[in-house]
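To start, the structure itself, in structure tokens.
The values are calculated or read from the model by the stated rules, or taken from the named source; none is laboratory data. Everything quoted here is computed from the prediction, not taken from an experiment. Cβ atoms come from the backbone with ideal geometry, glycine included; neighbour counts cover every protein chain shown.
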Amino acid sequence: MKSSEVAPRYPSPGTAWLLVSLLTIAYVVSFVDRYILSLLVEPIKADLGLTDFQIGLLLGPAFGIFYATMGLPIARVADLTSRKRIVSLGAACWSVATVGCGLARTFSGLFAARVMVGVGESSLSPAAYSMVSDLFPRHRMAKPMGVIAGGIFAGAGLAYMAGGHLIEWAHGLGGISLPGIGAELPVQIPTNAGVARVQGLGAELSYAANGNRL
């Protein structure tokens, strides 16, 4: 190594793995939000009077197109600014949008909410992968990347397993009246506490980063 080169400095293993754990939790939550709608296809069709084609648009293009295209500009922003802030804002966006999916009363409203879920979730991968590259030396990145990748499949499995039980529980409650919103059917009740959860995630990321440019 040349004398002018400076060896990269990495955070302590405890801090690094704490951030990996938080990012993995973020992936689990994002995939629960992404897949939960597929469990509600028939109730949504009946409640909103949607066709199979409209359901296909909601499950496919409404999410996928914007998830794929918005990741590029967000990755560029991640190169220029705080990545933990991008993760926090993106998680807030997709969580609020998931709540919007639960409260939507029209196809257009549900479509717009699904678009915002895709936009919010597109922020996670560029920022997360960039953060991990600053947490570990190159020869030690395989394990943390494997842990984060496991969160993807854990989230998908959790969406189908726990989501089904949660939906059964919501149906058992019947209609619920929400202050300022009115009566809601079980299928319209959001299935996660988005904003509170994201505020906690953002705080933990900020605390764990503590002095690192993340």
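What the table shows:
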{"item": "Residue among 115, 147, 119 that alone is hydrophobic (A, V, I, L, M, F, W, C), assigned to a helix (DSSP H, G or I) and under 21 Å from residue 44 (Cα atoms)", "result": "115"}
{"item": "Yes/no for residue 119 being of a type in the set (Val, Ile, Thr), without any contact (Cβ under 8 Å) to a residue 60 or more places away in the chain and surrounded by fewer than 24 Cβ atoms within 10 Å (Cβ to Cβ)", "result": "yes"}
{"item": "Flag if residue 29 is touching a Gly at 6+ places or on another chain (Cβ under 9 Å) and crowded, with 18+ Cβ neighbours inside 10 Å", "result": "yes"}
{"item": "Qualifying residues in region 31-79 (those that are closer than 30 Å to residue 134 by Cα and among the aromatic types (Phe, Trp, Tyr)) - the one modelled with the lowest pLDDT", "result": "31"}
{"item": "When residues of region 42-66 are limited to those that are buried (at least 19 other Cβ atoms within 10 Å of the Cβ) and among the aromatic types (Phe, Trp, Tyr), the one farthest from residue 101 (Cα to Cα)", "result": "66"}
{"item": "When residues of region 129-159 are limited to those that are in contact with a Lys or Arg (Cβ under 8 Å, 6 or more places away or on another chain) and buried (at least 20 other Cβ atoms within 10 Å of the Cβ), the one farthest from residue 19 (Cα to Cα)", "result": "159"}
{"item": "Residue list for region 67-87, filter: crowded, with 20+ Cβ neighbours inside 10 Å and outside any helix (DSSP H, G or I)", "result": "none"}
